[in-house]
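Bear in mind these aren't lab numbers, they're just calculated from the coordinates by the rules spelled out. All values reported here derive from a predicted model rather than from experimental measurement. Positions of Cβ are generated from backbone atoms using ideal geometry, with glycine treated the same way; all protein chains shown enter the neighbour counts.
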Amino acid sequence: MFTIDIIVKYTTVPFSVQRKSAESADAVYQQIMESISTGNPQVIELTCEKMPEKKIAVVTREISGIQISQKSGATATGRPPGFVTVAQ
């Protein structure tokens, strides 16, 4: 399962949707990147494959970051979710 986290300006918690395949997650990532790059404010509506009733609509000019992370079972693989990891 792949999670796409969307960081929105002035919001402390990211919005996220999930995709079953890497190709599908990358397609969502590219769709958001293209919408941000145009510079024209648009509304993007996304649904979650894990919870189909979950829908998110975001104005593209308010997006400040996007991240894809992979989750396998109950534990995450690779880096933990988030944009910064602080080692102690």
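Hey, can you grab everything whose amide H is under 5 Å from the amide H of I66? Only 5+ residues off in sequence or another chain; H modelled, so Pro and N-termini drop out.
I7
Show which aspartates and glutamates lie in cross-link reach of K54 when reach means a straight Cα distance below 12 angstrom and same-chain residues fewer than eight apart are skipped.
E45
Tell me which residues come under 5 Å, amide H to amide H, from K50 once H is placed; ignore anything under 5 positions away on its chain.
Those lying under 5 Å, H to H, from K50 are Q18.
Relative contact order (percent) for region 2-75, with alpha-carbon contacts under 8 angstrom and 6 or more residues of separation?
40
Using 0.36 nm times the number of residues separating Q30 and M1, minus their current alpha carbon distance, what extension gain do you get?
Stretched out fully, the Q30 to M1 stretch lengthens by 8.7 nm.
Hand me the trypsin sites (Lys or Arg not before Pro) from region 5-43 located in a DSSP loop with no more than 14 other Cβ atoms within 10 Å, in residue order please.
Those satisfying the criteria are K9, K20.
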